[in-house]
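These notes concern the structure reproduced below.
The values are calculated or read from the model by the stated rules, or taken from the named source; none is laboratory data. All values derive from a computational prediction rather than experimental measurement. Don't worry about glycine lacking a Cβ; one is built from the backbone with ideal geometry, like all the others, and counts go over all protein chains shown. To get the accessible areas, we keep the full protein, side chains included, count just its heavy atoms, and leave off ligands, DNA and RNA. Shrake-Rupley method; radii C 1.70, N 1.55, O 1.52, S 1.80 Å.
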Amino acid sequence: QVQLVESGGGLVQPGGSLRLSCAASGFTFRNYGMSWYRQAPGTERDVVATISAYGGYTNYGDSVKGRFAISRDNFKNTVYLQMNNLKPEDTAVYYCNAPVPNPFATWGQGTQVTVSS
């Protein structure tokens, strides 16, 4: 079955950086685009970034353009999110999954990112 395991979150000061990882299993990873999502308390889960199956196409939410970079390693079945110049409003739980409109029914536990001084 599909398993998605996010890691790499933590507490960071404004302006700092983090690199998130998502290890995927239970499906043919190289055949799927992947997205990072985030959900702050009391808000909907939003798409942050998307990458195509072989990495040739990426797309970002307006609030993270120029600061975040999504990448993937199809040999390691892993998708990454490099986050630079972090802001307090980036504080959220971050998840990976297949892109909308068809994410997998199974979600990982997410990884908490907190940006605070």
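Assorted remarks:
- Solvent-accessible surface of the chain, averaged per residue with a 1.4 angstrom probe and all protein chains in place: 52 square angstrom.
- Viscosity 0.890 mPa s, 25 °C: Kirkwood-radius Stokes-Einstein D of the chain over Cα pairs, µm²/s: 175
- Spin-label model, S25/S7: points 7 Å from Cα along the beta carbon direction are separated by 1.2 nm.
- Ranking by accessible area, most exposed first, for D73, D90, D62 with a 1.4 Å probe: D62, D73, D90
- Shown here for the range 21-65: chymotrypsin sites (Phe, Trp or Tyr not before Pro) in loop regions (DSSP other than H, G, I, E, B) with at most 12 other Cβ atoms within 10 Å, namely Y54, Y57.
- Protein accessible area in the chain, 1.4 Å probe - carbon and sulfur %: 48
- Trypsin sites (Lys or Arg not before Pro) restricted to DSSP loop in the range 4-110 with at most 12 other C-beta within 10 Å: K65, K76
- Residues E89 and S52, FRET efficiency given R0 of 30 Å [Cβ-Cβ distance, rounded to 0.05]: 0.65
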